[in-house]
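Take a look at the structure below.
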Amino acid sequence: MLLRFSPTSPFVRKVRVAAALLGQTLEIEPADTLDPNDTLRRQNPLGKVPALLADDGQVLFDSSVILAYLDMLAGGGRILPSDPKARIAALRREALADGMMDAGILLLYEARFRPVEKHEAKWLEHQEGKRTRALDAFEADAAPFDGTITVGDIALACALGWFDFRFEGKWRADRPGLVAWYEAFAAACPGFADSRPVA
């Protein structure tokens with residue numbers, strides 16, 4: 001399987017962590033999401049990473065679909081629980097973490113693609129509000145890491161790691177439960193350190 005990737009994408013990191021956790025080997029190939037000539041746009045019409053070129057020829061995207069696929073290849077029930085209630089809880093956690101990452105990426109893009117004098121304060125506040133509320137919700141529900149890793153846990157850890165990378169770890173202030181959970185997850189999860197984002 002071939003993964004089209006960017007080394008800084010938290011969504012790509014989700015896939016790399018899941019593959020390492022499940023003992024699956026992925027070849028990786030860089031993709032330039034801004035280059036109209038990159039084959040990525042033919043592989044994923046959205047032109048986004050990650051995109052996984054599976055052995056059967058299909059191309060899978062986005063990260064949540066790829067994680068479900070990798071879990072299926074591993075026999076099912078490994079990172080996507082088989083029990084219906086646990087499955088919904090994991091998917092809900094993944095959705096909140098992914099949404100938090102989306103808000104962070106929009107904040108980053110506003111700074112990257114628009115000059116400072118054209119920044120829209122209401123837009124930035126709107127995205128920061130999403131990110132802050134999600135972080136606070138995770139803090140309110142934070143429990144000690146118990147060794148169980150689901151798609152939701154992978155997504156949350158990748159989001160927090162990316163916030164360390166892009167936003168100087170400011171999320172850590174006043175969130176001791178989430179910090180403790182993250183540090184324990186990072187120490188225990190195969191492939192997490194090796195997939196750290198790099199500039």
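Remarks
- Mean separation of Cα contacts under 8 Å, 6 or more apart, over the residue count of region 1-86: relative contact order %: 31 percent
- Check: region 72-178 dipole with +1 on Lys, Arg Cβ and -1 on Asp, Glu Cβ, in debye: 200 debye
- Ordering of 139-147, 12-20, 66-74, 184-192 by burial proxy (mean other Cβ atoms within 10 Å per residue, highest first): 12-20, 66-74, 184-192, 139-147
- Inverse mean reciprocal Cα-Cα distance (Kirkwood Rh) of region 75-199, Å: 15.5 Å
- Separation of region 42-118 and region 124-149, taken as the distance between their Cα centroids, equals 17 angstrom.
- For the chain, adding -39500 (n - 2.57) for each run of n ≥ 4 DSSP H residues and dividing by the number of residues yields -18000 deg cm²/dmol at 222 nm.
- Within the chain: Cβ-based charge dipole about Cα centre, in debye rounded to nearest 20 (Lys, Arg +1; Asp, Glu -1): 240 debye
- Apportionment of accessible area to carbon and sulfur, the chain, percent (1.4 Å): 55 percent
- Under 19 Å from K14, Cα to Cα: aspartates and glutamates that are on another chain or at least 8 residues apart: E27, E29, D32, D62, D71, E94, D98, D102, D153, D164, E183, D194
- Each label was represented as a point 7 Å from its Cα along the Cα-to-Cβ direction; for R87 and F167 these points are 3.2 nm apart.
- FRET efficiency, E183 to L124 (Cβ-Cβ, R0 22 Å, nearest 0.05): 0.15
- Relative contact order (percent, whole number), region 94-199, Cα cutoff 8 Å, 6+ residue spacing: 32 percent
The values are calculated or read from the model by the stated rules, or taken from the named source; none is laboratory data. Just so it is clear, the model here is predicted, and its values are computed rather than measured. Reconstructed Cβ throughout: ideal geometry from the backbone, glycine too, with neighbour counts over all protein chains shown. Accessible surface is based on the protein model in full, side chains and every heavy atom, while ligands, DNA and RNA are left aside. Shrake-Rupley method; radii C 1.70, N 1.55, O 1.52, S 1.80 Å.
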